[in-house]
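Participant: One structure, pasted below without further comment.
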Amino acid sequence: MRRWRVLGIVALLVVPGAVQVDDALSRIVAAAYAITGTIPYSWGGGHASRPGPSRGTCSGYQGDIQPCPAKHTRGLDCSGLARWVYHIAYGHDVLGPGNTDSHLKRLRRIADPRPGDLVFFGTRKRTHHSGIYIGDGKMINAYATGTKVRVDSVNVLDDLLGYYRY
């Protein structure tokens with residue numbers, strides 16, 4: 001494993017090798033833990049041409065903090081976090097720049113989640129949040145404006161759609 005500097009903090013770079021599911025899931029969890037508490041939430045953050053923290057957008061923003069701070073905040077939203085962590089684990093942008101709905105289309109639903117799988121909230125037709133499952137009913141996620149990437153219960157929202165794997 002190597003380390004590199006991101007936004008003035010040290011983050012973990014997990015070098016992909018032969019990608020087996022268990023190895024990839026382990027790299028996903030390691031990468032997510034490495035940035036927990038360090039990267040701020042930014043509506044639309046993480047959707048630039050390359051995965052990783054970026055300034056967000058105020059288009060569609062309806063958060064409690066007004067005026068919208070996303071245009072001035074370099075960070076990640078929930079799907080931007082998933083995109084970046086999966087990019088680190090797999091060595092390329094497997095989820096792409098889209099939102100939670102477009103990410104869901106690249107994944108398969110699973111009944112028995114393992115740490116590193118993605119958790120989605122909403123409905124199959126319209127999702128609104130995702131997180132990285134870490135086991136014991138918990139996930140790492142970019143939750144909302146005013147927070148940093150953090151650990152929450154998967155019950156933090158009441159419309160759990162299910163667990164998905166790449």
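Participant: Read through the list (1) within 21 Å of Lys138 (Cβ to Cβ); (2) at pLDDT 95 or above, then give the number of the only condition that Gly56 fails.
Facilitator: Among (1) within 21 Å of Lys138 (Cβ to Cβ); (2) at pLDDT 95 or above, Gly56 violates only (1).
Participant: Can Ser79 be described as hydroxyl-bearing (Ser, Thr, Tyr), touching a residue at least 40 places away in the same chain (Cβ under 8 Å) and more than 16 Å from Leu160 (Cβ to Cβ)?
Facilitator: yes
Participant: Still on this structure, I have one more. Mind listing whichever residues of the stretch 147-166 are outside any strand (DSSP E or B) and open to solvent by 70 Å² or more (accessible area, probe 1.4 Å)?
Facilitator: We begin by selecting, within the stretch 147-166, every residue outside any strand (DSSP E or B); these are 147, 149, 154-159, 166.
Answer for the stretch 147-166, where residues must be outside any strand (DSSP E or B) and open to solvent by 70 Å² or more (accessible area, probe 1.4 Å): Asn155, Asp158, Tyr166.
Participant: Then there is this: Among the residues that make up the stretch 130-141, is at least one of them acidic (Asp, Glu) and open to solvent by less than 30 Å² (accessible area, probe 1.4 Å)?
Facilitator: no
Participant: Considering only the stretch 108-124, I want to know if a residue exists there that is open to solvent by less than 30 Å² (accessible area, probe 1.4 Å), more than 19 Å from Val29 (Cβ to Cβ) and touching a helix residue (DSSP H, G or I) at 6+ places or on another chain (Cβ under 9 Å).
Facilitator: Yes, there is a match, as at least one residue in the stretch 108-124 is open to solvent by less than 30 Å² (accessible area, probe 1.4 Å), more than 19 Å from Val29 (Cβ to Cβ) and touching a helix residue (DSSP H, G or I) at 6+ places or on another chain (Cβ under 9 Å).
Participant: For the stretch 26-60, which residues satisfy the criterion of being in contact with a Pro (Cβ under 9 Å, 6 or more places away or on another chain), part of a loop (DSSP other than H, G, I, E, B) and farther than 19 Å from Leu95 by Cβ?
Facilitator: Correct list: Cys58 only.
The values are calculated or read from the model by the stated rules, or taken from the named source; none is laboratory data. All values derive from a computational prediction rather than experimental measurement. FYI the Cβ positions are ideal-geometry reconstructions off the backbone, even for glycines, and counts take in every protein chain you see. We work out accessible area using only protein heavy atoms, side chains counted, and drop any ligands, DNA or RNA first. Shrake-Rupley method; radii C 1.70, N 1.55, O 1.52, S 1.80 Å.
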